[in-house]
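Scroll down for the structure; my scribbles are underneath it.
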Amino acid sequence: MKKIIGISFACFFLDQLIKYVINEVISLEKSIAVIGDFFHLTYVRNYGAAFNILSGNRIFLISIACITLFIIYYFLMKDRVNSTLEQVGYGLFIGGILGNLWDRLIHGYVIDYLDFEIFQIHMPIFNYADVCICIGVFLCVITLLREEIGWKNSQSKKKLED
């Protein structure tokens with residue numbers, strides 16, 4: 001549990017630090033080219049969730065974040081021994097949720113700034129907390145799949161022994 005809390009705090013702190021710098025250095029709706037036309041830092045305010053869906057539903061999004069944190073703790077982490085991969089996954093996932101939740105509570109919106117254009121397709125702008133959430137979920141899914149495959153293999157082995 002200590003590792004999960006440490007990773008969550010580190011992700012949250014770095015997310016908030018980056019957002020503070022973006023807010024201080026870049027004007028709203030302005031962009032700084034980092035790698036040609038491929039990558040920009042663009043300061044936007046997201047009043048919704050991913051791709052700005054549910055825009056204007058701040059209380060609902062705050063509620064979903066709180067419920068998700070409760071579910072993660074109560075059903076997935078409480079009274080369980082988690083592998084290192086799970087601990088990193090949960091830490092990233094929780095840290096990312098807390099970073100965006102904090103923005104919604106304090107500002108009323110989430111600060112986004114990572115802006116990519118791939119093959120002349122302008123991708124939605126996102127932030128470090130979003131990256132943490134995606135990687136955290138990916139690591140947790142990998143862990144669950146590994147456990148499921150391990151369980152199926154042990155069941156197959158057991159059938160062969162019988």
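The values are calculated or read from the model by the stated rules, or taken from the named source; none is laboratory data. From a predicted model like this one, the values you see are computed outputs, not experimental measurements. Quick reminder, even Gly has a Cβ in these numbers, built from the backbone with ideal geometry, and neighbours come from all protein chains shown. Keep in mind that these areas ignore ligands, DNA and RNA; they rest on the heavy atoms of the full protein, side chains included. Shrake-Rupley method; radii C 1.70, N 1.55, O 1.52, S 1.80 Å.
Can you name the condition, by its number, that L28 falls short on among (1) out of contact with any strand residue (DSSP E or B) (no Cβ under 6 Å at 6 or more places or on another chain); (2) more than 29 Å from K3 (Cβ to Cβ)?
(1)
From (1) open to solvent by 40 Å² or more (accessible area, probe 1.4 Å); (2) in contact (Cβ under 8 Å) with a residue 60 or more places away in the chain; (3) in a helix (DSSP H, G or I); (4) under 23 Å from I125 (Cα atoms), pick out the condition that doesn't hold for L92.
(1)
Yes/no per residue for (1) hydroxyl-bearing (S, T, Y); (2) open to solvent by 50 Å² or more (accessible area, probe 1.4 Å); (3) assigned to a helix (DSSP H, G or I):
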position	(1), (2), (3)
K3	no, yes, yes
F13	no, yes, yes
K19	no, no, yes
I32	no, yes, no
H40	no, no, no
R45	no, yes, no
G56	no, yes, no
F60	no, yes, yes
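Are there any pairs, at least 6 apart or on different chains, whose C-beta atoms fall under 8 Å, with the first in region 134-148 and at pLDDT below 95 and the second of a type outside the set (D, E) and open to solvent by 80 Å² or more (accessible area, probe 1.4 Å), and if so, which?
none
Could you say which residue among F70, F75 is of a type in the set (F, W, Y) and modelled with pLDDT of 90 or more?
Working: F75 fails: modelled with pLDDT of 90 or more.
The unique qualifying residue is F70.
Within region 129-151, count every residue that is under 22 Å from A65 (Cα atoms), of a type outside the set (A, V, I, L, M) and either open to solvent by less than 60 Å² (accessible area, probe 1.4 Å) or in contact with a strand residue (DSSP E or B) (Cβ under 6 Å, 6 or more places away or on another chain) (or both).
Residues flagged as under 22 Å from A65 (Cα atoms), of a type outside the set (A, V, I, L, M) and either open to solvent by less than 60 Å² (accessible area, probe 1.4 Å) or in contact with a strand residue (DSSP E or B) (Cβ under 6 Å, 6 or more places away or on another chain) (or both) within region 129-151 amount to 4.
Which residues, counting only those in region 120-133, are within 14 Å of V44 (Cα to Cα) and either touching a Ser or Thr at 6+ places or on another chain (Cβ under 6 Å) or without any contact (Cβ under 8 Å) to a residue 60 or more places away in the chain (or both)?
Across region 120-133, the qualifying residues are M123, I125.
Would region 75-89 turn up any residue that is closer than 20 Å to F126 by Cβ, among the basic types (K, R) and out of contact with any helix residue (DSSP H, G or I) (no Cβ under 8 Å at 6 or more places or on another chain)?
Within region 75-89, the subset closer than 20 Å to F126 by Cβ is 89.
Right, trim to among the basic types (K, R) and you get none.
No, because not a single residue in region 75-89 is closer than 20 Å to F126 by Cβ, among the basic types (K, R) and out of contact with any helix residue (DSSP H, G or I) (no Cβ under 8 Å at 6 or more places or on another chain).
Condition check ((1) within 18 Å of I4 (Cα to Cα); (2) open to solvent by 30 Å² or more (accessible area, probe 1.4 Å); (3) touching a residue at least 12 places away in the same chain (Cβ under 8 Å)) across all residues:
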| residue | (1), (2), (3) |
| --- | --- |
| D79 | yes, yes, no |
| E86 | yes, no, yes |
| I97 | yes, no, yes |
| G108 | no, no, yes |
| Y113 | no, no, yes |
| I118 | no, yes, yes |
